[in-house]
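Data block below; observations after.
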Amino acid sequence: MTPEDRRGQIDRRFDETFAVFDARMRKEQETISQERAGRAGSAGAVGGTEGDEQAAGAGGEAATTGQGEDGAGSGTEGEGTGAEGEGEDGEGGAGNEPGGAGAGDQQGSGQQGGGGGVGGGGPKGGGGPGGIPSDIPDGRDDDIVARQLREAAMKETDPELRERLWDEYRKYKQGTQ
Amino acid sequence: MPPTESRSPWRALRAGLLVAALTVAATGCVVQDQRPIPPVVAKKATTEIPQDELLDVGVHIFDANVPEDEKEQEAKRIFPDVRKAESRYMPVMLRDTLEGTGHWGQVRVLPSDSASSDVNVDGRILESTGRELRLAIRATDATGRVWLEKEYEGQADVRAYKDVAVRPRDPFDNVYATIANDLLAAREQLSRDERVQVHQVAQLRFAADLAPYAFKPYLDRDKRRGTYTLVRLPSQDDPVVERLDRVRERDYSLVDTLNEHYTNFSESMDDAYGNWRKYSHEELEAEADARRKALTRQVLGAVAVVGGVLAGSEANSSAGSAASTAAVLGGIYAFKSGLDMRAEIKMHGESLKQLGSSFQNEVQPIVVDIEGRTLELKGSAEQQYAEWRQLLRELYENETGLPATAATEAATPAPRRR
């Protein structure tokens, strides 16, 4: 066997083990995401029963403001540290929150693969990655932290995480004004 | 009547009042300052930091610092599972604070034995109640340089316990912001070259851990001082370096997953922990208040008794005698009521015990769960790493024609590459 053949053999074993490892990590992260989504869902349900009138009002607004603008991320790329996992096609599921209408066919990327295109449409609107809720300002006066938060939120495909990022953005902007 | 005789009861009374006033003033110093705590703001980045200077931070789960002796635990009101939970929760708070500044690369919460980050932060919980937080923090970088090693403490910002529109995320935000600012100050003391080298040394230490025969020669280790210096950088065309980069991506994936576990954990305990801290803060305040009142009453009571006795011995009139008797009786009553407050203090102590015990029962299953899941994840990753170590060794031998063990022993400065 030549050194090149031997190298090829070793590389195949690397690839196999990487695939196994990536699948394990992907599964683990999916489990975590599901747990977080479940918890957020149950918290949302509690909130919904506690504030009927407000929730109804916000929901109505969300239905009209849920919009999917193309992400206009600029500047630095996200420092992806994930594995090279080949992204799987997003499932493009419909948002399971009131007013949500997911924009499907997102190309998943990074180690989590898939998951793209899950519809947004929570109380503050925004569908799919890149969707900007109506109460978010245009970002012209964003500093570096606000810009990073905005870009992360626009790129995020998980609606729950995206909403959390927008919340962080709102809080940050409030704190700096 | 001589003037001295008529003034005598008043003089005794004045003396008593003066002592009482001084006592009140002295005990008043103990009263807790309840004014809002001025916020410490974690300094945020105002300019973009060059990519090669961005340092990754690993915040290790803290040392829970639980005494083995159960009596000591009880005396210090330490609930082991609560502390274990806090040892994972607090690093998440610190991580979030650091992330929010924009000064750092990836900031992750990691198990205590992970040391592959550019900057590693270790902590020990010295005191944690709803009122006060005291932490011992040590931060080092990959070269072994100590960035900081000090204690941080802070009183709870009570706005965090109130149902108000604008409130801090955590009652001890100031503590985390202070640590973040100190870490930033330590980073700013480094030159650009030093920052870049920290990252390079971290990468090489990871490489040397997986393939020592190939990468140890690139680092100079001072065993006595525990420091690492970069000798030179490996070629990026090196086949072993290429594969090792792919392994490193998996390592990032692993630590990201562990980090997510800790985030998930902190979110799952957040509400219950917030309530526990809020109620225990109330009980601790009430207990401290009761202690202060008890002390004040006992001291004032004793002063009144002494003053009354003194006044009685000097009084020649019936009015003076009656006043001194009243002072003695009042003093005895005040002293006794001070002693009676011990029951109230004890009651608050019991409430705190109940609160801690109840929260411990609530948090214990999720502590066990996170411990189990992170251990399992690390365990299976270790098996995978062992396989990658073996593959890297085989690749190295294939590429260089040298036995890996011999290369390690010889620590050749420049392994031959094909």
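Listed values, structure above:
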{"read-out": "Convex hull volume of chain B per residue (C-alpha atoms, cubic angstrom)", "value": "199 Å³"}
{"read-out": "Loop-exposed GluC sites (Glu not before Pro) per DSSP, neighbour cap 14 Cβ within 10 angstrom, longest uninterrupted part of chain B", "value": "B:69-418"}
{"read-out": "Value of Rg to Rh for the stretch B:90-175 (Rh from inverse mean 1/r over Cα pairs, i.e. Kirkwood)", "value": "1.01"}
{"read-out": "Cα-centre dipole for the stretch B:341-403 with unit charges at Cβ (Lys and Arg positive, Asp and Glu negative), debye to 20", "value": "460 debye"}
{"read-out": "Bridge type composition, chain B - antiparallel percent by DSSP, nearest 5", "value": "75 percent"}
{"read-out": "Distance cut-off 23 Å, percentage of C-alpha pairs in the stretch B:167-304 lying past it", "value": "65 percent"}
{"read-out": "The stretch A:1-38: trypsin sites (Lys or Arg not before Pro) falling in loop per DSSP and having at most 10 other Cβ within 10 Å", "value": "none"}
{"read-out": "Modelled FRET efficiency - R0 60 Å, B:Val231 with B:Tyr333, Cβ distances, 0.05 increments", "value": "0.15"}
{"read-out": "Kirkwood Rh in Å, taken over the stretch B:117-231 so that all alpha-carbon pairs contribute", "value": "16.4 Å"}
{"read-out": "A:Gln34 versus A:Asp15: modelled label distance in nm, points set 7 Å from Cα along the beta carbon direction", "value": "3.0 nm"}
{"read-out": "Test item: A:20-28 mean partner chain Cβ contacts at 10 Å", "value": "5"}
{"read-out": "B:Glu70 paired with A:Lys27, simple spin-label distance in nm, labels 7 Å along Cα-to-beta-carbon", "value": "4.0 nm"}
{"read-out": "Dipole-positive endmost among B:Val305, B:Ala404, B:Val255 within chain B (Cβ charges, Cα centre)", "value": "B:Val305"}
{"read-out": "For B:374-380, mean number of other protein chain Cβ atoms within 10 Å", "value": "1"}
{"read-out": "Shielding by other protein chains, B:46-53, mean Cβ within 10 Å", "value": "2"}
{"read-out": "Per-q log10 I(q)/I(0), the stretch B:185-256, q = 0.11, 0.27 Å⁻¹ (Debye; single scatterer per alpha-carbon; no solvent)", "value": "-0.31, -1.25"}
{"read-out": "Spatially proximal lysines relative to B:Lys336 (Cα-Cα < 19 Å; intrachain offsets below 8 disregarded)", "value": "B:Lys293, B:Lys346"}
{"read-out": "Trypsin sites (Lys or Arg not before Pro) restricted to the stretch B:133-241 and DSSP loop, no more than 16 other C-beta within 10 Å", "value": "B:Lys162, B:Arg169, B:Lys223, B:Arg224, B:Arg225, B:Arg232"}
{"read-out": "Alpha-carbon Debye profile of the stretch B:250-302, log10 I(q)/I(0) at 0.16, 0.27 Å⁻¹", "value": "-0.65, -0.93"}
{"read-out": "A:Arg170-B:Thr405 FRET efficiency (beta carbon distance; Förster radius 60 Å; 0.05 resolution)", "value": "0.55"}
{"read-out": "Chain B, relative contact order in percent, only Cα pairs under 8 angstrom and at least six apart counted", "value": "20 percent"}
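We did not get these values from a lab; they are worked out from the coordinates using the rules stated. Predicted model, so just to flag it, every value in this text is computed and none were measured. Cβ atoms come from the backbone with ideal geometry, glycine included; neighbour counts cover every protein chain shown.
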